[in-house]
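Scroll down for the structure; my scribbles are underneath it.
Coordinate-derived values only; no laboratory data. In this text, all values refer to a predicted model and were calculated from it rather than measured experimentally. Here the Cβ positions follow ideal geometry from the backbone for every residue, glycine too, while neighbour counts run over all protein chains shown.
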Amino acid sequence: MAKRSADEILELLRARVSRWHLKQRLGLEQDHEAKVFGQGRTFFHIENWYSFHAVIRNVFRLMFLHGRGKRNARRIQLRHNIFQSSKLCKEFDGYTILHLSDLHLDMAPDMTEVLSKAIGDLDYDICVITGDLRAQTFGDSDQTIDCMRQLVEKISRPVYLVLGNHDSITMVPALEQLNIKVLLNEAVELKKENASIYIAGIDDPHYFRADNIERASDQIPDEVFTILLAHSPEIYRHAAFTDFDVMLCGHTHGGQICLPGGIPVMYNADCPRRMCAGSWRYKDLQGYTSVGSGSCVVDLRFNCHPEVTLHQLEWVKE
């Protein structure tokens, strides 16, 4: 597959999104590398403090824990979750969604293979990815696209994806060339027999704040079961009051480096801690925050194994 020029990528993006969305996203991406403090929904962005990453790695080496942390980061767990709803059509009872998040595939050479093995034998209807495909927050994305090409060969079902704060909008044409549907403040209808549900996806709401949940919602009919894909749980209030039934997200890594008992040292999301890992509920909205299949900042995990998740939709009688 020939690499597209920058002009060709921009031309394709102009056909995909509004000029204001594109100008906003590209402008903020140019500022992203230098912003350690400020911008986005949290004040401090450790992923942009590149000199500190080596400090963290060396601290764990001095503690003789670096090897254990790397092994932990490759022990991907399979988790199961059920969403029950009377709004769901009976035809979608048992419908299963494979949820991946925060892949950071170029963090280490073996991560794509590790994740491919984790999902290789799973049975599901569709796959959704809630952002952060690459490890860096700037620069070339070629390695990440190559990793995604290898990964989608292991995914035998339709793939829907939203961008995270590590992803560039310039990645979209290459991703869609891999038959991945990138949802940029858009919604799609999923049909089964004579029934439908809708999946909407918004651009990164955490750092770039390029999300437009109203635009995504405008495409959805009333009284239909709806799922929102967002990179971060921080948009949970907007999702609830826009009448979404389910929200799938990631971004937090569950803390990634946690104290014994799974107590996170820190979270990088401006929302209640109960929404930063696993299943949660806010009013009528059911949510799930993946702790991610990859690692960020450092290729280590402690007391917080990576995951892939199978969500099953379950129809319940009113």
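Separation of the alpha carbons by more than 21 angstrom is noted, of LYS117/LYS181; LYS191/LYS283; LYS87/LYS154; LYS87/LYS192, for LYS117/LYS181; LYS191/LYS283; LYS87/LYS154.
Across the chain, C-alpha contacts under 8 Å between residues 6 or more apart give a mean separation that, scaled by the residue count, equals a relative contact order of 25 percent.
Shape call for region 70-190 from the C-alpha gyration tensor, a ≥ b ≥ c root eigenvalues: rounded (a/c under 1.5), prolate (a/b greater than b/c) or oblate? Oblate shape, in that a/c is at least 1.5 and b/c is the bigger or equal ratio. Inter-label distance, ASN179 to ARG273: 4.4 nm, where each label sits 7 Å from its Cα along the C-beta direction. All other residues whose Cβ lies under 14 angstrom from that of PRO221 are scored, Lys and Arg at +1 and Asp and Glu at -1, for a net of -4. Shape class for region 124-236, computed from the alpha carbon gyration tensor (a ≥ b ≥ c): oblate, with a/c not under 1.5 and a/b at or below b/c. Take the alpha-carbon centre of region 217-232, take the same for region 148-186, and report the distance between them in whole Å. Between the Cα centres of region 217-232 and region 148-186 lies a distance of 19 Å.
Ordering GLN256, ILE9, SER86 by Cα displacement along the dipole of the chain toward the positive end leaves GLN256 in first place; charges were set at the Cβ atoms of Lys, Arg (+1) and Asp, Glu (-1). Counting Cα-Cα pairs of the chain in 10 Å increments starting at 0 gives whole-percent bin shares of 6, 28, 37, 23, 6, 1, 0. For VAL246, the shell of other residues with beta-carbons less than 12 Å away shows a net charge of -2, using +1 for Lys and Arg and -1 for Asp and Glu. Amide H to amide H distances under 5 Å link ILE126 with THR96, LEU98, where only residues 5 or more positions off or on other chains count and H is placed in the peptide plane.
Dividing the summed -39500 (n - 2.57) terms of all DSSP H runs of n ≥ 4 by the residue count of the chain sets its mean residue ellipticity at 222 nm at -7500 deg cm²/dmol. Residue-wise HN-Hα couplings along region 212-223, as the Karplus relation 6.51 cos²θ - 1.76 cosθ + 1.60 with θ = phi - 60° gives them from phi, are 9, 5, 5, 5, 5, 6, 4, 8, 10, x, 5, 6 Hz; Gly and Pro carry x. Loop only by DSSP, 16 or fewer other Cβ within 10 Å of the Cβ. Give me the trypsin sites (Lys or Arg not before Pro) in region 269-318 that pass, ordered by residue number. Hits after loop and neighbour filter: LYS283, LYS317.
Return the aspartates and glutamates within reach of LYS23: Cα separation strictly under 12 angstrom, same-chain partners fewer than 8 residues apart disregarded; answer none if there are no such residues. In chain and number order, there are no partners.
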